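Here's the structure we're looking at; comments come further down.
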Amino acid sequence: MMDSMIIGKYVPGTSLVHRLDPRTKLITIFLFVCIVFLANNVQTYALLGLFTIGVVSLTRVPFSFLMKGLKPIIWIVLFTFLLHILMTHEGPIIFQIGFFKVYEGGLVQGIFISLRFVYLILITTLLTLTTTPIEITDGMEQLLNPLKKLKLPVHELALMMSISLRFIPTLMEETDKIMKAQMARGVDFTSGPVKERVKAIVPLLVPLFVSAFKRAEELAVAMEARGYQGGEGRTKYRKLVWTGKDTSVIVSLIVLAALLFFLRA
Amino acid sequence: MLKLIDMMHIAIFTALMAVLGFMPPLFLSFTPVPITLQTLGVMLAGSILRPKSAFLSQLVFLLLVAFGAPLLPGGRGGFGVFFGPSAGFLIAYPLASWLISLAANRLRKVTVLRLFFTHIVFGIIFIYLLGIPVQAFIMHIDLSQAAFMSLAYVPGDLIKAAVSAFLAIKITQALSLSDTMFTKGG
């Protein structure tokens, strides 16, 4: 059950998108998520579609990886689509089967909202496909640095993010191990009535949590022993470099936003 | 400022949240919010960690999700989920576990039954109060329709509230040798 999950799902590569500064990618996603809501007619959705396809082809990530990212949300998209078709009663009726009527407004809105979901998921999936988790947390720490003035523990948050990312696979392995150990003792995790399966959670989670907390304590001791003392005066092994490419990406996003603004109904 | 040991507890708990999310969820055919073990983590964070740590563990988790880690059930992640149907439910996580932790610390004697009710109030009702309106708004549907869809989760959530109350006590007992995290107040 755990093997099919790839954390971060990073696909190594040397494409333009891979080489961008993680900050640029984070800003891009942030802006994209905002401007996606500007679209409200055919032209604007087509423009956003072109942009998304453009970025996807620039990353040279195999299509199958993207599909993996889309798969879990396909049915959410379909559900929203159906809901809109059934619930929105605007414009002329396109076709009718018995008491089941499809209105033009519902169809159009259903398509638009589904497209918006697909664009959002594609662009955000690309971040994890082209950026390592460490790069992401580094970029985030840098971007949020100004918030340090507001007493927000930016460095600490970034550190906690990296540590939990690092330990997810370890804890997964641990879960697998405990599962096997308990199965050897006769616990059945996969079949039986709901009541039994709920009961089976206890001998799985109690050891998992206990060992995880022990790990946390060991980590803290190890870090203290090595003289960790927070973000103040800390130097970095990986330095982020902002180049002309990054600036042009941000500029093109602003152009896209402006175009959307003029084209929208 | 945060102590190192608290930071590590938070980080590890965040990782546990993710692991819980990878355990197979229960999918229902008629509503877009899947039933998962992940909300078990929200309740457990509240009843195991201190209020501040509980809040932060959920916040770090949401930050990881926002920055694209596919940690939500079904491998969802990315900034987009905060604009999806579950947005309100997600944003309620840190607040819910903070409230659970505060309430659990107020309990004079911690029993499974009392924790269970705490979980119902803050881990279910409170999360729904935030989640349902946001879901209705994002999907452009009526509040009553969204509320109706959430009804399907109530049985699953009640089971989770009970299981996590039981688990929290078991885990706290197993860890009771440790003095740093299960304290009153803070």
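The values are calculated or read from the model by the stated rules, or taken from the named source; none is laboratory data. All of these numbers come straight from a predicted model, not from anything done at the bench. Cβ coordinates were reconstructed from backbone atoms using ideal geometry, including for glycine residues, and neighbour counts include every protein chain displayed.
Numbers for the structure displayed
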| quantity | calculated |
| --- | --- |
| All positions within segment B:47-74 that are farther than 21 Å from B:Leu167 by Cα and not in a helix (DSSP H, G or I) | B:Phe67, B:Gly68, B:Ala69, B:Pro70, B:Leu71, B:Leu72 |
| Qualifying residue in segment B:21-34 (condition: at negative phi and modelled with pLDDT of 80 or more) | yes |
| Elements of type helices (runs of 4 or more DSSP H) in segment B:119-175, at least 2 residues being farther than 29 Å from A:Leu82 by Cα and touching a residue at least 12 places away in the same chain (Cβ under 8 Å) | B:154-174 |
| Residue within segment A:215-230 that is in contact (Cβ under 8 Å) with a residue 40 or more places away in the chain and either assigned by the TED database to the domain that holds A:Phe32 or not in a helix (DSSP H, G or I) (or both) present | yes |
| Single unsatisfied condition, A:Asp188 versus (1) exposed (fewer than 14 other Cβ atoms within 10 Å of the Cβ); (2) under 29 Å from the mean Cα position of the chain (by Cα) | (2) |
| Filtered residue count, segment B:54-72, keeping only those that are under 13 Å from the mean Cα position of the chain (by Cα) and more than 9 Å from chain A (Cβ to nearest Cβ) | 4 |
| Complete set of residues in segment B:84-116 that are hydroxyl-bearing (Ser, Thr, Tyr) and farther than 13 Å from B:Val42 by Cα | B:Ser86, B:Thr111 |
| Residues that are in contact with a strand residue (DSSP E or B) (Cβ under 8 Å, 6 or more places away or on another chain) and within 12 Å of chain B (Cβ to nearest Cβ), drawn from segment A:48-85 | A:Pro72, A:Ile73 |
